[in-house]
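The values are calculated or read from the model by the stated rules, or taken from the named source; none is laboratory data. Being a predicted model, the structure only gives us computed values, none of them experimental. Glycine also receives a Cβ, built like all others from the backbone with ideal geometry; neighbour counts cover every protein chain displayed. Surface accessibility is based on the protein's heavy atoms, side chains included, excluding ligands, DNA and RNA. Shrake-Rupley method; radii C 1.70, N 1.55, O 1.52, S 1.80 Å.
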Amino acid sequence: MTAGLPGPPSPLGPRARIAVLVAAVLLLAAGSVGYALHAETRAGGQQAGADASFTLGGPALYFRDTATGRVAHQPRAATPGAGTTVARTAGGPACDRFYAAGGTALCLRAKPGVLPRTYAIVLDRRLREVRRITVPGIPTRARVSASGRMLAWTVFATGDSYATTAFSTRTAVLDLRTGYLIKSMEEIPLTIDGVRHHAPDLNYWGMTFARDDNRFYATVSTKGRTYLVAGDMKHWSAKALRRNAECPSLSPDNTRIAFKKKVSDEPSAPWRLYVLDLRTMRETALAETRSVDDQAAWLDNSTVAYALPGAGGGRRSDIWSVPADGTGAARKVVAGGSSPVAVG
């Protein structure tokens with residue numbers, strides 16, 4: 001067509017041309033949606049649940065295999081020696097965070113897309129999907145109560161590191177017995193230093209449940225400070241117990257809490273693992289002197305496990321354990337793993 005000259009007249013009238021344009025747009029939109037659904041379904045098929053023979057049994061140490069992104073397990077007492085590897089059983093579901101207790105498992109899986117989202121997937125003893133909830137954000141913490149009834153998960157809404165102040169989290173709780181979902185713990189009435197606390201900057205993360213499925217502990221941050229809080233689901237209330245305690249994990253006997261404490265302003269190594277005696281409120285530094293950015297898991301009443309970055313950097317991590325009384329030394333229990341949990 002020569003510039004400046006009108007093109008040949010369209011054989012369609014104005015209304016017909018608009019109808020054709022609308023039809024074309026709808027067709028393209030349908031194709032895009034269809035492709036997106038197909039792509040998501042295909043990805044879901046590739047990340048299918050556990051193999052039929054892979055179930056929650058024990059005693060065993062379950063964890064996320066960082067090489068495959070799927071859950072695996074190995075004998076609880078196994079320790080990799082120099083130049084050796086411990087045989088692990090693979091075939092679990094694909095998860096970015098994993099936890100299990102009481103015959104229930106919680107699998108957090110990042111959902112690909114322009115906006116970060118997370119699937120919170122509830123699994124039964126045979127690791128079959130029971131319920132799936134999609135939430136905005138990046139998966140970071142997962143917990144299940146000892147009975148398997150109460151589930152909690154935390155996602156980063158913005159940012160992706162607890163080492164900075166530029167992050168926002170959202171923690172949700174699901175009661176499997178009633179089916180009730182608390183989408184955000186930020187609405188729970190909070191008391192700090194005996195005074196009801198109101199602030200728009202509240203962030204909760206790292207919940208852990210007591211054996212009664214009612215009491216819980218969590219981290220809350222507000223006005224630049226972090227607190228360990230104790231909460232009551234039935235009376236819907238929470239109160240701060242002490243400052244500078246993050247990612248609590250309640251011991252099986254419900255007497256102590258493992259947590260990470262900020263000991264330095266150095267961004268590469270800000271935390272150290274401690275254990276708090278809930279009766280005396282005395283804290284004990286553990287023998288692990290490296291900075292641990294994880295919610296520790298109790299293997300038994302005497303030992304906690306946690307993940308640390310592996311050699312060579314990248315997304316690889318290893319699982320270590322250390323005595324909970326401050327004695328002994330840290331030892332590697334899983335090469336290439338994260339999200340440890342003792343089952344059985």
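Odds and ends about this structure:
- Spin-label model, residue 168/residue 146: points 7 Å from Cα along the beta carbon direction are separated by 3.7 nm.
- Per DSSP, loop trypsin sites (Lys or Arg not before Pro) in region 203-267 with at most 12 further Cβ within 10 Å: 223, 234
- In terms of accessible area, using a 1.4 Å probe and ignoring ligands and nucleic acids, 193, 124 rank largest first as 193, 124.
- Distance between modelled label sites at residue 287 and residue 51, nm, 7 Å Cα→Cβ extension: 3.6 nm
- When the pairs 183/332; 223/261; 111/262; 234/332; 183/223 are compared against a 28 Å limit on Cα-Cα distance, 183/332; 111/262; 234/332 fall above it.
- Placing pseudo-labels 7 Å out from each Cα toward the beta carbon at residue 115 and residue 133 gives an inter-label distance of 1.8 nm.
- Protection-proxy order for peptides 196-203, 87-94, each taking the mean of Cβ atoms within 10 Å per residue, highest first: 87-94, 196-203
- Region 103-143 has equivalent-ellipsoid semi-axes of 21, 10, 7 Å, by the square roots of 5 times the alpha carbon gyration tensor eigenvalues, sorted largest first.
- For region 267-344, the C-alpha radius of gyration divided by 2.2 N^0.38 Å, with N the number of residues, is 1.10.
- From phi via Karplus (6.51, -1.76, 1.60), per-residue ³J(HN,Hα) for region 339-344 in Hz, x at Gly/Pro: 6, x, 7, 7, 10, x
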